[in-house]
Structures are given as structure tokens and as C-alpha cells.
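The values are calculated or read from the model by the stated rules, or taken from the named source; none is laboratory data. Nothing here was measured: the structure is a model prediction, and the numbers come from that model. Virtual Cβ from ideal backbone geometry, glycine too; neighbours counted across all protein chains shown. Accessible surface is based on the protein model in full, side chains and every heavy atom, while ligands, DNA and RNA are left aside. Shrake-Rupley method; radii C 1.70, N 1.55, O 1.52, S 1.80 Å.
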Amino acid sequence: QVQLVESGGGLVQAGGSLRLSCAASGRTVSSYYMAWFRQAPGKEREFVARINWSGSSTYYSDSVKGRFTISRDNGKNTVYLRMNTLKPEDTGVYHCAADRIVITPTAREYDGWGQGTQVTVSS
């Protein structure tokens, strides 16, 4: 199983930016699909973005398209989420996931799942 640790969250004003990191261990994730999900209090888990093993293909939810960018550095076994023009509705715990197959927005089981990092956007 893949162990994932997220970092980079924090408190930011609306319109600001953050970059989240997800460091993998236990296995090399260069052949894995990676994704970011988020969950706000009282709401269901929401898909944010995914990236294929090489970084050549990405997919975003409509709510973050054009503002967030997912990327990866296989040499560092790390995936990133650059978040720009943040909005209060982006507030939540952000988790990364890893799997050998494509991670669909409705997927709920993965080879790896991190504990998350809190992002709070104030208005």
C-alpha cells in the first residue's frame, strides 16, 4: 500500500494562493494515477483534480478548472496542487489519493489515501 502525507494547507484570504504537496512513501508512485479530493464540514467528499502517471494528462472538476493546477515530480515521489484565486467555498480538508487505475470523481477506494491538510479561505 502507498502511504501519502499532505502538507501546505493553511489560512488564506479570498483571492490568495496556496500550494499543497502530497509526498508518497512505501512504493514508487511513478506508475500511479494521483488525485486530490476535498471535504468540507457537513458535505460529501468532492473530487478536485487528477493526473496520470507521466503528468501528460490532467482532469479537473468544473468548480476549480482554470484556478487550480495539479502536477507531479516522479523523481521526488510527490504530487502538487497549486491553488490560485481561492474562494471561501474552497475551504475544506484536502486529501490526495493514489491508485494503479484511473481515479474517477466518484471513486471511494484507493491504493493510498492521505490524512489530509486543512485549507481555510476567509472572505
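What to note about this one:
- Net charge of neighbours whose Cβ lies under 12 Å from the Cβ of residue 67, counting Lys and Arg as +1 and Asp and Glu as -1: 0
- Neighbour net charge for residue 122 - beta-carbon separation under 13 angstrom, K R +1, D E -1: -1
- Gyration tensor (alpha-carbon) shape descriptor, region 1-71, a/c threshold 1.5: prolate
- Computed on protein heavy atoms with a 1.4 Å probe, the accessible areas place 36, 113, 53 in the order 53, 113, 36, largest first.
- Straight-line cross-link reach from residue 87 at under 22 Å between alpha-carbon atoms covers these lysines, not counting any fewer than eight positions away in the same chain: 43, 65.
- Between residue 28 and residue 104, the modelled labels are 3.0 nm apart [label points 7 Å from Cα along Cα→Cβ].
- Each other residue within a Cβ distance under 14 Å of residue 17 adds +1 if Lys or Arg and -1 if Asp or Glu, for a net charge of +3.
- Each principal axis of the chain carries a Cα extent, and these read 39, 27, 23 Å when sorted largest first.
- Between residue 85 and residue 3, the contour length at 0.36 nm per residue exceeds the Cα-Cα span by 26.5 nm.
- Of the whole protein surface, residue 43 contributes about 140 Å² of accessible area at a 1.4 Å probe radius.
- Projected label distance in nm at residue 46 and residue 74, using a 7 Å step from Cα toward the beta-carbon: 3.2 nm
- In this label model, residue 13 and residue 56 are separated by 4.3 nm, measuring between points 7 Å along each Cα→Cβ vector.
- For the pair region 16-58 / region 64-123, the C-alpha centres are spaced 4 Å from each other.
- The accessible area of residue 44, taken with all protein chains in place and a 1.4 Å probe, comes to roughly 150 Å².
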